[in-house]
Amino acid sequence: MAILAAEPLSAPQDIVFKAKVDGTEQRYVLMLPAGFDARQTHHLLVALHGHGSDRWQFAKDSRDECRAARDFAAAHEFIYVSPDYRATSSWMGPKAEADMGQILDELGGRFRLGKVIMCGASMGGTSALIFAVQHPEKVQGVVAMNATANLVEFTGFPEAIAASYGGTRKERPDEYRKRSVELWPERLTMPIALTAGGMDEVVPPHSLLRLAKKLQQQKRRTLTLYRPMAGHSTNFQDTLAALEFIFGEINLGHVVK
């Protein structure tokens, strides 16, 4: 799939804000489309980084998922935001969730926002799904790449997830369950695009594929790109196809004037 020709997004702005949930200083990167006019409505793409990284991953990294997200945003004149959301090991715990909601509220007060798409890979994809399940009214589309949809059964990064969720799955079972998106498919009321690799040993694809099946059974607007021989990454073409699917499904054929 060819990307539309477009000027690149603006230079990244490192935005600092005070988190309402605990008073700490938090950050996100903001990039604007070429020729940005604050009087016009622009849609928003929120890109969530993976485990061990921070807000700069989707702002600067040359890996396919990050380049495709930036190119997509530039081509379709999206405002582009890459938050720390409690980097580096967030997994969209309660504080990260609160920060994300605050960021969306503040951006809504600053800009004329249209639709909101959230995307991410690995932890970022997992977190995009979690936020969408918790706040479906705030998200109009999700692209989750190489993510898990079940934190109850996922065995990776146990210490980091426990720190984010306030305890282990035995100590905080309700927290893990409420963030296991596979258990709440009815809350994913927006179009969803999922990518997974059959050889992924970092975040195995099983729960994401089960989620895809449940969404399809419920006749939800869903795209699943599964590569049996792929590992823990999504190539540029599939990332772009997933984003373009969401763009088409939510009828964002133009920027509203």
### Query
What number of residues within the stretch 22-37 are surrounded by 13 or more Cβ atoms within 10 Å (Cβ to Cβ) and either in a loop (DSSP other than H, G, I, E, B) or not polar (S, T, N, Q) (or both)?
9
### Task
Hey, can you tell me all the residues within the stretch 34-64 that are closer than 14 Å to residue 145 by Cβ, touching a strand residue (DSSP E or B) at 6+ places or on another chain (Cβ under 6 Å) and of a type in the set (Lys, Arg)?
none
### Query
Limited to the stretch 115-154, what total is found for residues that are of a type in the set (A, V, I, L, M, F, W, C), in contact with a Gly (Cβ under 8 Å, 6 or more places away or on another chain) and either within 15 Å of residue 243 (Cα to Cα) or modelled with pLDDT under 95 (or both)?
9
### Task
Within the stretch 18-29, identify whether any single residue is under 17 Å from residue 119 (Cβ atoms) and at pLDDT 95 or above, and answer yes or no.
yes
### Task
Would you point out which residue out of 165, 176 is touching a Gly at 6+ places or on another chain (Cβ under 8 Å), of a type in the set (Phe, Trp, Tyr) and surrounded by 18 or more Cβ atoms within 10 Å (Cβ to Cβ)?
165
### Query
What residue, of 37, 14, is modelled with pLDDT under 95 and over 16 Å from the mean Cα position of the chain (by Cα)?
37
### Query
Of the residues in the stretch 155-167, how many are out of contact with any Lys or Arg (no Cβ under 9 Å at 6 or more places or on another chain) and either among the β-branched types (Val, Ile, Thr) or not in a helix (DSSP H, G or I) (or both)?
4
### Positions within the stretch 84-118 being under 22 Å from residue 191 (Cβ atoms) and in contact with a Lys or Arg (Cβ under 6 Å, 6 or more places away or on another chain), in sequence order
104
### Task
Looking only at the stretch 196-230, count how many residues are closer than 14 Å to residue 130 by Cβ and either among the acidic types (Asp, Glu) or touching a strand residue (DSSP E or B) at 6+ places or on another chain (Cβ under 9 Å) (or both).
3
#### Entry: Pairs with Cβ under 6 Å, 6+ apart, first in the stretch 176-195 and farther than 12 Å from residue 130 by Cβ, second of a type in the set (D, E, K, R)
185/214; 191/221; 191/249; 195/238
### Members of the stretch 138-153 that are assigned to a loop (DSSP other than H, G, I, E, B) and out of contact with any Asp or Glu (no Cβ under 8 Å at 6 or more places or on another chain)
139, 140, 147, 148, 151, 152, 153
### Task
Determine, yes or no, whether residue 94 is within 20 Å of residue 166 (Cα to Cα) and not acidic (Asp, Glu).
yes
### Query
Do we have residue 130 as closer than 23 Å to residue 72 by Cβ, free of Cβ contacts under 8 Å to residues at least 60 places away in the same chain, in a helix (DSSP H, G or I) and of a type in the set (Val, Ile, Thr) here?
yes
### Query
Which residue out of 55, 110, 67 is more than 14 Å from the chain's Cα centre (by Cα), farther than 20 Å from residue 245 by Cα and of a type in the set (Lys, Arg)?
110
### Hits in the stretch 179-192 - residues which are crowded, with 20+ Cβ neighbours inside 10 Å and among the aliphatic types (A, V, I, L, M)
181, 188, 190, 192
### Query
For residue 199, are the conditions met, namely being more than 19 Å from residue 122 (Cα to Cα) and either of a type outside the set (Lys, Arg) or in contact (Cβ under 8 Å) with a residue 40 or more places away in the chain (or both)?
no
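The values are calculated or read from the model by the stated rules, or taken from the named source; none is laboratory data. All values derive from a computational prediction rather than experimental measurement. Because the Cβ atoms are built from the backbone with ideal geometry, glycine has one as well, and the counts that use them run over all protein chains shown.
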